[in-house]
Amino acid sequence: SIRQVGDRFNHKYNDPCIFLNDESFSEEFKSYVSEIIPFVGGVSYGLIPASDWNPPEWTDEERAEKAREVLLKVGAIHGGNNYQNMCKVNSGYFYRREFFLLYRYY
């Protein structure tokens, strides 16, 4: 899908491609991405801080884990912790990072 975005959309606009993760990207991944998508606008990699990725300290983690287990048992799509953390980040935390101050739109 990365290649498709580049081929079908971004080749006209040359927007930068930004990858964010809660763990550092490997040099192997970065090299692979550079080979398959020649984004003229550039490719950047950012690290989501644990304070944004993980639940707040006041969360009852034992209760939350039990709820996630129930979701997974009943076959709920994306019932796991990583998906929920990603949704939390995407719903508002990421734009606060210095990384995004370089951009007018995201």
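Looking across the range 67-86, just one residue is of a type in the set (Val, Ile, Thr) and modelled with pLDDT under 85, and that is ILE77.
For residues that are part of a helix (DSSP H, G or I) and aliphatic (A, V, I, L, M), scanning just the range 67-80, find the one that is surrounded by the fewest Cβ atoms within 10 Å (Cβ to Cβ).
First, the residues of the range 67-80 that are part of a helix (DSSP H, G or I): 67-73.
From what's left, aliphatic (A, V, I, L, M): 67, 70-72.
On the way: ALA67: 13, VAL70: 11, LEU71: 16, LEU72: 13.
My answer is VAL70.
Please find, among SER91, SER34, SER44, the residue that is under 24 Å from PHE9 (Cβ atoms), of a type in the set (S, T, N, Q) and not in a helix (DSSP H, G or I).
Working: SER91 fails: not in a helix (DSSP H, G or I); SER34 fails: not in a helix (DSSP H, G or I).
Step by step, each of SER91, SER34, SER44 is checked, and only SER44 is under 24 Å from PHE9 (Cβ atoms), of a type in the set (S, T, N, Q) and not in a helix (DSSP H, G or I).
Within the range 82-98, if we keep just the residues that are free of Cβ contacts under 8 Å to residues at least 60 places away in the same chain and either acidic (Asp, Glu) or within 15 Å of TYR45 (Cα to Cα) (or both), the residue that is surrounded by the fewest Cβ atoms within 10 Å (Cβ to Cβ) turns out to be GLU98. Can you tell me which residue within the range 1-25, out of those that are part of a helix (DSSP H, G or I) and of a type in the set (S, T, N, Q), is surrounded by the fewest Cβ atoms within 10 Å (Cβ to Cβ)? Going through the qualifying residues, I end up with GLN4. Residues that are in contact (Cβ under 8 Å) with a residue 12 or more places away in the chain, within 22 Å of PHE99 (Cα to Cα) and touching a Cys at 6+ places or on another chain (Cβ under 8 Å) do not occur anywhere in the range 13-22. Residues in the range 66-106 that are of a type in the set (Val, Ile, Thr) and touching a His at 6+ places or on another chain (Cβ under 9 Å): none.
Put simply, of VAL33, VAL43, VAL89 the only residue that is modelled with pLDDT under 85, aliphatic (A, V, I, L, M) and in contact with a strand residue (DSSP E or B) (Cβ under 9 Å, 6 or more places away or on another chain) is VAL89. Every residue in the range 51-66 that is assigned to a helix (DSSP H, G or I), at pLDDT 85 or above and exposed (fewer than 13 other Cβ atoms within 10 Å of the Cβ), please. Passing the criteria: GLU61, GLU62, ARG63, GLU65, LYS66.
The values are calculated or read from the model by the stated rules, or taken from the named source; none is laboratory data. In this text the structure is predicted, and so the values were computed from the model without any measurement. All Cβ positions, even for glycine, are placed from backbone atoms using ideal geometry, and neighbour counts span all protein chains on display.
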